[in-house]
Structure formats: C-alpha cells, structure tokens
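The values are calculated or read from the model by the stated rules, or taken from the named source; none is laboratory data. Computed from a predicted model, the values in this text were never measured in an experiment. Cβ placement follows ideal geometry from the backbone for every residue including glycine, while neighbour counts extend to all protein chains displayed. Note: areas computed on protein heavy atoms with side chains; ligands, DNA, RNA excluded. Shrake-Rupley method; radii C 1.70, N 1.55, O 1.52, S 1.80 Å.
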Amino acid sequence: MKETMENPLHLKSLNHISLVCGSIEESISFYQEILGFIPIRRPGSFDFDGAWLFGYGIGIHLLQSENPENMPKKKKINPKDNHISFQCESMGAVEKKLKEMGLEYVRAMVEEGGIYVEQLFFHDPDGFMIEICNCDNLPVIPLAGEMVRSCSRLNLQMVQHQQIQQVVQQ
C-alpha cells in the first residue's frame, strides 16, 4: 500500500480510551449500568488494578488511581471540555433516562444550515465528560473533496478509500 498523507500510520479505527479512576468498582458500575458497556477479560500479566470494558466498537480501559483522594473532581459540566461522544437513537429517551437516574446534565444544540444536533453532557464518577448526541444528523464534510453523508464509520471508510484511490492514480 502506498503511504498517503491522509493516513500515514495506516490506522484502521479507534481501539480504546483509557481513564484513571478513583474507584474501579464505581466506574465499572457507571459504564455498565448507564452506558451499556460490558466487562471483558484483561491481561493477567498487568501488575496494577484496572478493568476493561467494551461496547459500540470501542474499549474503555479503567485504571485505578494510585492516589484516588488526590484526583481532581470537575464540578461544572462544560461542553467545551475533553469528552467522548456517543450517538443515540432517541435523544428524548436518553434525557428521560438521565432524569430517572438523577444524573446532572447540560443540554446543548448545534445548528448548521438548518440541520439541528441535540447534545446532552454529563460526568462519569471521576468527572470525565460524556456526550450523547444525534450527531448522525450532521453531515461530515471534508475541507477538500466529496461530502460524507454522516458520521458513521462506513461512510468514513468510503471517503478514505476514495482518497487513497486518488493518490494511487496520481
């Protein structure tokens, strides 16, 4: 395969994110019960506490903090802060569930060319921010080249393939 500027490291997908936690048990419970991740086996050769979870095509690796009492806690939910985002089928159902669970959240809306994207932001037990959105409504438009129809992996793969073909043909 000819190396391209679009993918110089020949990346295929996001594999996992890694989060340092004050309490592995609390975090496992949150990611399982709130977001629907499932615990998976992690290498037994690790000499530190942690847990691996998997869902929606990505992993979340939880690492036990060596000083949980000194971990900074984020109090204010700020949509401009670091976060991971998940697309959902029904924003109404998500908001209803967050209310039922008593989770504090912030609602936001993005509008682009008459297309609206709803967003809900909330924190995990350690203050890492989670976004739930209907982002698939908003087309992904590369700064150069053809439009991708949505944020889906399939459409992104098609555009990347087209870009590679263009480079190979040059």
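When 27, 18 are compared by accessible area at a 1.4 angstrom probe, the order from most to least is 18, 27. From the cross-link list 74/99; 76/97; 12/75, which pairs have alpha carbons spaced over 24 Å apart? In this structure, 12/75 lie more than 24 Å apart at Cα. Straight-distance candidates among the aspartates and glutamates for linking to residue 96, with alpha-carbon spacing under 20 Å and chain neighbours fewer than 8 residues away dropped: 33, 104, 118, 124, 131.
Please identify the trypsin sites (Lys or Arg not before Pro) of segment 65-105 that satisfy two criteria: DSSP loop assignment and at most 12 other Cβ atoms within 10 Å. Which are they?
Working: sites: 73, 74, 75, 76, 80, 96, 97, 99; in loops: 73, 74, 75, 76, 80.
Those satisfying the criteria are 73, 75, 76, 80.
Multiplying the sequence separation of residue 73 and residue 143 by 0.36 nm and subtracting their Cα-Cα distance, what value in nm do you get?
The residue 73-residue 143 span can extend by a further 21.5 nm.
Give the residues of segment 2-46 whose amide nitrogen is closer than 12 Å to a point set 7 Å from the Cα of residue 64 in the direction of its Cβ. Within reach of a label on residue 64: 21-26.
In terms of solvent-accessible area of protein heavy atoms at a 1.4 angstrom probe, what is the ranking of 94, 117, highest value first? Don't skip to the answer; put the middle values down first.
Numbers: 94 30, 117 5 Å².
Most to least solvent-accessible, the answer reads 94, 117.
Database remark: amide H of residue 37 closer than 5 angstrom to the amide H of 32 (H placed geometrically; neighbours at sequence offset of 5 or more, or on other chains; Pro and chain starts carry no H).
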